[in-house]
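Q: Dumping the structure here so I can ask a few things about it.
The values are calculated or read from the model by the stated rules, or taken from the named source; none is laboratory data. Predicted model, so just to flag it, every value in this text is computed and none were measured. Cβ coordinates were reconstructed from backbone atoms using ideal geometry, including for glycine residues, and neighbour counts include every protein chain displayed. Quick note on the areas: whole protein, heavy atoms, side chains included, nothing else; ligands and nucleic acids left out. Shrake-Rupley method; radii C 1.70, N 1.55, O 1.52, S 1.80 Å.
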Amino acid sequence: MKRLAAASAGAALLGSVVLSGCAAFTDDSATSADGVQVAAAFYPLQYVADRVAGGHADVENLTAPGGEPHDLELTPKETADVAGADLVLYQRGFQPSVDDAVDENATGDTLDVADLVDLVPFRDHGVDSDELDPHFWQDPVLLADVGDAVAKQLAKVDPDHADDYTANAADLRSDLEQLDQEYQAGLTGCERSTVVVSHDAFGYLQRYGITMEAILGLSPDAEPTPADLARLEKLIQEDGVTTVFSESLVSPETAEQLAHDTGVTSAVLDPIEGLTDETADEDYLSLMRSNLSALEEANGC
Ligand SMILES: [Zn+2]
């Protein structure tokens, strides 16, 4: 309990100490030589936190592998992770249950990605909705900005390793800028620009000159109407689309049926909302590169 003495507002924080356990408790002014705890709301944020922490922190992903982050419900264990974290990295508006846990349980620092990144309305991605498109991690450059912010925040929580956090964020940025250049080069001069995907998770890729058309709309749980499907069938024919993409965390049935009905191929494009058993050995960079190859193949780039 030594670190508690450093808490300037110790009395006010006693309640949360009881809740989260002493081991997980740190105040902003305290150092955390015995382990910084980070709770990251879903996989791309976990990837960034892991890269920037570089072994100086335990990073917990609040969205269990194989789970779909939209409409996540936190378990008591995950709520305790939020309560005990020195830093919670999350995206307000994307996962209401994480927003609630942050408001009600977080005792450490919180970093809201929606404050760091200029999220674009779905409408600007050609989708009929005024909601903000949360899938910003499809743009590697935006993810690099999150890395820099995480480094600053970790340096505040754990000043002893500040230089490492800064260097790790710079390494991450260089990898992500390299990936951005691969996307720019890879998707230049394609025969086709239309890409048919499962749900509207890829709008941020449109800055590379491709146009996304989703079967399921905003949420992977939605059902397409017969009119939606008829419109897509027409589009596939008119635009010479070769491939209908399904994704890894939702059932491929609808996408495969549409591909079958229109006589085109079906393939997987991973929205990288989370890892599965099948992608457990992959990471953000390798999945983004698989997606790029699949897009190049489908669109004749
Ligand atoms: Zn999504």
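Q: Using 0.36 nm times the number of residues separating D115 and A167, minus their current alpha carbon distance, what extension gain do you get? Each step should come with its number before you reach the end.
A: Details: separation 52, 0.36 × 52 = 18.72 nm, distance 2.29 nm.
Gain on extension, D115 to A167, equals 16.4 nm.
Q: For the stretch 205-301, which chymotrypsin sites (Phe, Trp or Tyr not before Pro) are both in a DSSP coil and crowded by at most 14 other Cβ atoms within 10 Å?
A: Numbers: sites: Y208, F245, Y284; in loops: none.
Hits after loop and neighbour filter: nothing returned.
Q: While we're here: Enumerate lysine pairs in the chain that are 8 or more residues apart or on different chains, then count those whose Cα atoms are under 29 Å apart.
A: 5
Q: Provide the FRET efficiency to the nearest 0.05 for the D99-V141 pair, computing r from the beta carbons and using R0 = 25 Å. Walk me through the numbers before you get to the answer.
A: On the way: r = 26 Å, r/R0 = 1.02.
Computed FRET efficiency for D99 and V141: 0.45.
Q: Could you please state how large a percent of the accessible area of the chain is carbon and sulfur, counting protein chains only and using a 1.4 Å probe? Please report the intermediate quantities before stating the final value.
A: Values: 6310 of 13150 Å².
Carbon plus sulfur share of accessible area: 48 percent.
Q: Does anyone have the angle between helix 10-20 and the longest principal axis of the chain? Alpha-carbon axes, 0 to 90°, nearest 10?
A: 50
Q: Sort 52-61, 126-135, 196-205 by the packing proxy (mean of other Cβ within 10 Å over each peptide's residues), most packed first.
A: 196-205, 52-61, 126-135
Q: Pairs of alpha-carbon atoms within less than 8 angstrom and 6+ residues apart define the contacts here; what relative contact order does the chain have, in percent? The partial results should precede the final answer.
A: Details: 539 pairs, mean separation 50.8, N = 301.
Once divided by the residue count of the chain, the mean separation gives 17 percent.
Q: Taking only the Cα atoms of the chain, how large is their convex hull per residue, in Å³?
A: On the way: hull volume 36.2 nm³, N = 301.
It comes to 120 Å³ per residue, whole-number rounded.
Q: Next question. Which whole-number percent gives the relative contact order of the stretch 190-299, counting Cα pairs below 8 Å spaced six or more residues apart? Could the numbers behind the result be given before it?
A: Details: 157 pairs, mean separation 29.0, N = 110.
Value for the stretch 190-299: 26 percent.
Q: Let me ask something additional. Show that you can apply the helix-only estimate: for the chain, add -39,500 (n - 2.57) for every DSSP H stretch of four or more residues, divide by all residues, and state [θ] at 222 nm to the nearest 500. If you can, show how the numbers build up before the last one.
A: Working: 10 runs with 128 residues, N = 301.
That calculation yields -13500 deg cm²/dmol at 222 nm.
Q: OK, next. Enter the accessible area per residue of the stretch 190-299 (Å², integer; probe 1.4 Å; all protein chains in place). Don't skip to the end; give the middle numbers.
A: Details: 4850 Å² over 110 residues.
Per-residue accessible area for the stretch 190-299 comes out at 44 Å².
Q: While we're here: May I ask you to list the residues of the stretch 45-64 whose amide nitrogen lies under 12 Å from a point 7 Å from Cα along the Cα→beta-carbon direction of D160?
A: Taking a point 7 Å out along Cα→Cβ of D160, the residues of the stretch 45-64 whose backbone N falls under 12 Å are 56-57.
Q: Shifting gears a bit: Roughly what would the spin-label model give for A230 and E297, points 7 Å off Cα along C-beta, in nm?
A: 3.3
Q: Ok, one more. Compute the FRET efficiency between D71 and S266 as 1/(1 + (r/R0)^6), taking r as their Cβ-Cβ distance and R0 = 22 Å, and round to the nearest 0.05.
A: Working: r = 25 Å, r/R0 = 1.14.
Computed FRET efficiency for D71 and S266: 0.30.
Q: Work out, step by step, the length gained on full extension between S290 and R123: first 0.36 nm times the residue separation, then minus their alpha carbon distance; give nm to one decimal.
A: Stretched out fully, the S290 to R123 stretch lengthens by 57.4 nm.
Q: Then there's this: Of all GluC sites (Glu not before Pro) in the stretch 204-301, which ones are in loop regions per DSSP and have a Cβ with at most 16 other Cβ atoms within 10 Å? Intermediate results must be reported in sequence, preceding the final value.
A: Details: sites: E213, E233, E238, E247, E253, E256, E273, E278, E282, E296, E297; in loops: E247, E273, E278, E282.
Sites meeting the loop and neighbour criteria: E278.
Q: Calculate how steeply helix 43-53 sits against the longest principal axis of the alpha-carbon atoms of the chain, using the helix alpha-carbon long axis, and give the answer as 0 to 90 degrees to the nearest 10.
A: 40
Q: Ordered by residue, what ³J(HN,Hα) values in Hz, to whole numbers, does the stretch 197-207 give under the Karplus form 6.51 cos²θ - 1.76 cosθ + 1.60, where θ = phi - 60° and Gly and Pro are x?
A: Listing the rounded values in order: 10, 6, 10, 6, 9, 10, x, 5, 6, 5, 6 Hz.
Q: Further, regarding this structure: For V244, list long-range residues whose amide hydrogen, built 1.01 Å from N in the peptide plane, is under 5 Å from its own amide hydrogen.
A: The list, which skips near neighbours in sequence, is T265, S266, A267.
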